[in-house]
1. Filter the stretch 84-131 for residues that are assigned to a loop (DSSP other than H, G, I, E, B), among the aliphatic types (A, V, I, L, M) and in contact with a strand residue (DSSP E or B) (Cβ under 7 Å, 6 or more places away or on another chain); which is farthest from the ligand (Cβ to nearest atom)?
2. Can you find a residue that is assigned to a strand (DSSP E or B) and either among the aromatic types (Phe, Trp, Tyr) or over 20 Å from residue 121 (Cα atoms) (or both) anywhere in the stretch 245-261?
3. Inspect the stretch 33-42 for any residue being of a type in the set (Asp, Glu) and not in a strand (DSSP E or B) and give the result as yes or no.
4. Does any residue of the stretch 155-175 turn out to be under 15 Å from residue 208 (Cβ atoms) and either more than 8 Å from the ligand (Cβ to nearest atom) or modelled with pLDDT under 95 (or both)?
5. Please go through the stretch 244-275 and give me each residue that is surrounded by fewer than 20 Cβ atoms within 10 Å (Cβ to Cβ), without any contact (Cβ under 8 Å) to a residue 60 or more places away in the chain and charged (D, E, K, R), ordered by number.
6. State yes or no: is residue 50 in a loop (DSSP other than H, G, I, E, B), of a type in the set (Val, Ile, Thr) and more than 7 Å from the ligand (Cβ to nearest atom)?
7. With respect to residue 177, is the statement that it is closer than 24 Å to residue 97 by Cα, buried (at least 18 other Cβ atoms within 10 Å of the Cβ) and not basic (Lys, Arg) true?
8. Looking for whichever is over 23 Å from residue 155 (Cα atoms) and of a type in the set (S, T, N, Q) here; the options are 55, 73. Which one fits?
Amino acid sequence: MKLCEFLRPASLSAARDNLRELGTKGMILAGGTALHFMQDHTPVTAVDITRLGLSYIRPDGNFYRIGATTPLSDIQRYRAPRWAMHEICRRISTHQIRNVSTIGGNICRVFPWADLPVVLLAMNARMVVYSDHENEYSADEYFATQPAKRFLDGNILTSVKVPALQAHHGFGSVKVSRTTAAFSMVTIAAVLELDGSIIQSARIAAGSAIPFPRRLPNVEAALVGKEAVSEVFKEASTKAARDVPWRSCEGQSPEYSQHLAEVSILDALERAATFAHGRAE
Ligand SMILES: Cc1cc2nc3c(=O)[nH]c(=O)nc-3n(C[C@H](O)[C@H](O)[C@H](O)COP(=O)(O)OP(=O)(O)OC[C@H]3O[C@@H](n4cnc5c(N)ncnc54)[C@H](O)[C@@H]3O)c2cc1C
């Protein structure tokens with residue numbers, strides 16, 4: 001994109017109106033870090049949404065609500081009971097990028113290496129989108145296709161609602177990269193709901209080594225009703241091969257991607273079980 005003009009509307013409705021008037025000649029600007037990856041040189045007017053009061057994290061009933069323009073570094077620093085979003089944020093790129101990159105920017109146009117969609121799918125988060133009124137989408141609906149398609153006619157993501165994990169919930173995430181700031185070779189996130197040592201439900205998601213972030217239903221099915229122990233986790237992780245076509249990325253072969261995914265799923269599940277037991281004590 002080639003930014004030719006810059007608007008800073010004073011309200012959400014003004015931003016929406018600006019975007020509707022501009023049509024394909026306008027684009028929402030949050031942290032602006034993704035421009036680097038958008039190679040086409042179409043001239044556009046940027047509509048800056050970073051001063052609309054959408055940068056916050058607060059408890060909201062059974063959720064934590066994160067405003068769309070909240071920088072990743074704020075999410076990384078936030079601490080509260082049953083909060084786990086900081087874990088993946090500290091693994092995204094560098095401090096400098098995290099200071100400007102926003103949660104909205106990360107999930108409104110999903111790049112293959114995006115880490116937050118993976119975690120939000122596992123956590124069963126809800127996305128709030130403003131047009132004439134606010135609509136809420138489950139993570140499964142929202143990430144069913146490239147979300148950028150949702151934001152063509154002036155719609156704006158306003159917040160993300162992350163369910164507060166309960167005492168019997170466990171969360172684990174794993175991001176494998178060659179260096180601290182490198183793109184992910186595979187990212188896995190897992191949420192287990194336990195009844196004692198038995199797994200009541202499981203949400204496992206993957207990204208980077210597959211074409212688009214998604215859940216792994218065969219892995220999930222291999223966990224439900226079983227004991228939360230390493231042998232079960234190991235057996236479940238081998239089902240990842242049935243779930244998705246693992247692809248070559250970051251210089252690795254599809255076979256290596258699949259191997260890395262299986263090892264990472266096992267690791268994420270062990271972490272989730274430890275997290276749940278820690279909560280229960
Ligand atoms: C060198 C580098 C390495 C990176 N590595 C990683 C990594 O390993 N893992 C990872 O997850 N991320 C990584 N990122 C960040 C990621 O690639 C994106 O650049 C970033 O998440 C975009 O956030 P932003 O706030 O800068 O969005 P912007 O660049 O401002 O916007 C991105 C897109 O989303 C749209 N948009 C933004 N906010 C909204 C909204 N509220 N409603 C509707 N549409 C909106 C914009 O119009 C645009 O199309 C990296 C970035 C860089 C520069």
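1. Checked the stretch 84-131; the qualifying residue farthest from the ligand (Cβ to nearest atom) is 84.
2. Looking for residues that are assigned to a strand (DSSP E or B) and either among the aromatic types (Phe, Trp, Tyr) or over 20 Å from residue 121 (Cα atoms) (or both), one finds at least one in the stretch 245-261, hence yes.
3. yes
4. The answer is yes; a qualifying residue exists.
5. Answer for the stretch 244-275, where residues must be surrounded by fewer than 20 Cβ atoms within 10 Å (Cβ to Cβ), without any contact (Cβ under 8 Å) to a residue 60 or more places away in the chain and charged (D, E, K, R): 247, 255.
6. It is true that residue 50 is in a loop (DSSP other than H, G, I, E, B), of a type in the set (Val, Ile, Thr) and more than 7 Å from the ligand (Cβ to nearest atom).
7. yes
8. Just one listed residue meets the conditions, 73.
The values are calculated or read from the model by the stated rules, or taken from the named source; none is laboratory data. Quick caveat, the model's predicted, so the values are computed rather than measured. Ideal geometry is used to build each Cβ from the backbone, glycine not excepted, and the neighbour counts take in all protein chains shown.
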